[in-house]
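Everything below concerns the one structure shown next.
Any read-out appearing in this document is the output of simple, stated calculations on the displayed coordinates, not a laboratory observation. None of the values given here were measured: they were computed from a predicted structure. Please note: Cβ atoms are built from the backbone with ideal geometry, for glycine as well, and neighbour counts cover all protein chains shown.
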Amino acid sequence: MAATKISTTTGPARRLSLSDGVRRQADYWRVVYQRTWRASVVSSFVAPLLYVLAMGVLLGGFIEGDPKVLEGATSYFDFVVPGLIAAHAMQTAVGETTYPVMGMIKWQRIYDSMLATPLECRDLVAAHLSFVLFRLATTCGVYTLVLAPFGVYGSWWGPFAAFASQLLVGMAFAVWVYGFSTRLRSEEGYGVLFRLGVFPLFLFSGAFFPVSNLGDVGAAIARCTPLWQGVNLSRMFALDHVIWWQAGVNVAVLVVLTVVGWFWAVSGLEKRLVS
Amino acid sequence: MISARGLRKSFGDFEAVKGIDVEVRRGEAFGFLGPNGAGKSSTMRMIAAVSPVSGGELRIFGMDPAVDGPAIRGRLGVCPQEDTLDTELNVRDNLYIYGRYFGLPKTVVSERADELMEFVQLTEKAKSKVDDLSGGMKRRLTIARSLINRPELLLLDEPTTGLDPQARHVLWDRLFRLKQQGVTLVITTHYMDEAEQLCDRLVVMDKGVIVAEGSPLDLIRQHSTREVAELRFGVAEEGASHEALAEKVADLGRVEALPDRLLVYSDDGDAVIAAVHERGLRPVATLVRRSTLEDVFLRLTGRTLID
């Protein structure tokens, strides 16, 4: 037999542009949304508003609105709403990148069929994450529109900046949980993710109370979590109480997380499906 | 269309394909035969420009899949071993959405989806969910889907496994029509009748290497005899085992002793039967048949069960 040689590439791989790759999948995701939007209405819109009612209005009625304690908010309602939306962005992102990703890899094997076409792993990840971004934009957007008349926002631009930070924190979670899903063989791993990751973050990242209540060490730990970066940004912009160096750090952390997580997600899908 | 030289595929320490040479020409129907684990599917995945080549050289349409993967896949149709249809979508949407992945304009995909439903006789099921289709219908839909980009080369990995005879014949008919239209077909199968029906040329793979190559007829000529005489003996025929009986007829041709019968490979089966009777042996049943690809396959890859 002839001596074996590794097939040498004659140039860089020629691939679709990322935007073309995503555009080709737009119809698929449109159909997915047409099929699932009814189910997502409850989790996306009704559940968060119940939280606002229970936490912001009913529980908040017992809490004294001291701006010094509540990071600049004059009522607990104003304090909790921007944090809740950011935390909800995380939950939406996690929801869209856990079972749906595993399903497309393992159960319905939609990704396998897509990879038999000119699309590549990075196109699949980009389209899936674009859909997550769309879901974040609609849920956080509706949330913001509904709550704006209640005087939560301290400036005209506050809702826009807060909205952008909610999308950013959502995407920072989406890329990492996506990467986690590509490496997970069985859905049992999600139990660990929800119990040890998402739920503690949801409770202790400053959405419901100022992290300074956790003591020096606790607060320092809480400020290292990605969710706190988003909660803090969302709240500062909403209340028009911005500490700019902090905002800069928060944005930088979330952007770096998102960018690094993107590569981790793509490499995870490649390792899983292109063998 | 396809040219492979010393093509290899390994997964860690396991070498699934151990250096094969394959040449597939435009317009022909080419088959990969082999038992489970022979390396057929790994080879198919490399040809589909999905699985990276571990060693050797592979060119599809003259292009290197490592460089031009998307361009190659744009001209290929792939019908995978397991249906990967979107079970939540209806029949027509499965075709439409898939066509969009190839960057085809909406109007073009719509037209082709209707044409292809006609071609695989699923027009009446256009609005049915995939879940409600029979196995044969799903398979036809998968084939229709693989044709949405009008491929020059269609890869079919065990296209009829699990189908009833009617459904298999409908599929064969469709594949034959595609071949007449000039589509190059590459098929893996372990149904020998399918290979004889569909393939102009084929290779038999075993344990990652090619053990034989040629047209079905060539392979039968090279690796078997024209006819096979099958001899069944009663349970206690002269108190002898099949092996002992086999020795008595060993000079009449190549003999294979199976638990229930002896096979004697010869160009003249009737002469074998006559000789057997002359020797005083009394088989309870005899049969003379033509050699088939299955005889070749079993000779080359053995009768041991492979899991």
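Please list the equivalent ellipsoid semi-axes of the protein assembly as shown, computed as the square roots of five times the alpha-carbon gyration tensor eigenvalues, in descending order and whole angstrom.
After diagonalising the Cα gyration tensor, the semi-axes are 64, 24, 22 Å.
Enter the mean projected area of the convex hull around the alpha-carbon atoms of the range A:20-88, in nm², rounded to one decimal.
Across all orientations, the range A:20-88 yields a mean hull projection of 6.5 nm².
Can you give the direction-averaged projected area of the convex hull of the alpha-carbon atoms in the range B:178-237, in nm²?
6.7
Of all GluC sites (Glu not before Pro) in the range A:46-133, which ones are in loop regions per DSSP and have a Cβ with at most 10 other Cβ atoms within 10 Å?
Those that pass, being in a loop and sparsely packed, are A:E64.
Compute the normalised compactness of the range B:119-193: alpha-carbon radius of gyration over 2.2 N^0.38 Å, N being the residue count.
Normalised Rg, Cα atoms only: 1.08.
Measuring from centroid to centroid over Cα atoms, what is the spacing of the range A:164-181 and the range A:11-58 in Å?
12
With a cut-off of at most 13 other beta carbons within 10 Å, and DSSP calling the residue loop, which chymotrypsin sites (Phe, Trp or Tyr not before Pro) in the range A:132-175 qualify? Please list them.
Sites meeting the loop and neighbour criteria: A:W156, A:W157.
Taking the Cβ of B:A271 as the center, what net charge do the other residues with Cβ under 14 Å away carry, scoring Lys and Arg +1 and Asp and Glu -1?
-4
Using helices alone, what [θ] at 222 nm do you get for the protein assembly as shown, with -39,500 (n - 2.57) per DSSP H run of 4 or more residues, divided over all residues and rounded to the nearest 500?
-15500 deg cm²/dmol
If we count trypsin sites (Lys or Arg not before Pro) as exposed when they sit in a DSSP loop and have at most 13 other beta carbons within 10 Å, what is the longest stretch of chain A that avoids them all?
In short, A:69-184.
For the pairs B:K40/B:K138; A:K106/A:K271; B:K179/B:K207; B:K9/B:K207; B:K125/B:K179; B:K9/B:K40, note any where the Cα-Cα span goes beyond 20 Å.
B:K40/B:K138; B:K179/B:K207; B:K125/B:K179
Name the aspartates and glutamates eligible as straight-distance cross-link partners of B:K127: C-alpha to C-alpha under 18 Å, and not fewer than 8 places from it in the same chain.
Within the straight-line limit of under 18 Å, B:K127 reaches these aspartates and glutamates: A:D27, B:D86, B:E88, B:D93, B:E111, B:D114, B:E115, B:E118.
Let me understand chain A better: what is its radius of gyration from the alpha carbons, and its Dmax, in angstrom?
20.8, 84
What does the average come to when, for each residue of peptide A:100-108, you count the partner chain Cβ atoms lying within 10 Å of its Cβ?
The shielding value for this peptide is 1.
If you line up the long axis of helix B:165-180 against the longest principal axis of chain B, both from Cα atoms, how many degrees apart are they, to the nearest 10?
With both axes taken from Cα atoms, the answer is about 60 degrees.
Whole number please: convex hull volume per residue, Cα atoms of the range B:1-112, in Å³.
With only Cα atoms used, the range B:1-112 gives 136 Å³ per residue.
Give me a single rounded figure for B:9-22: the average over its residues of other chain Cβ atoms within 10 Å of their Cβ.
1
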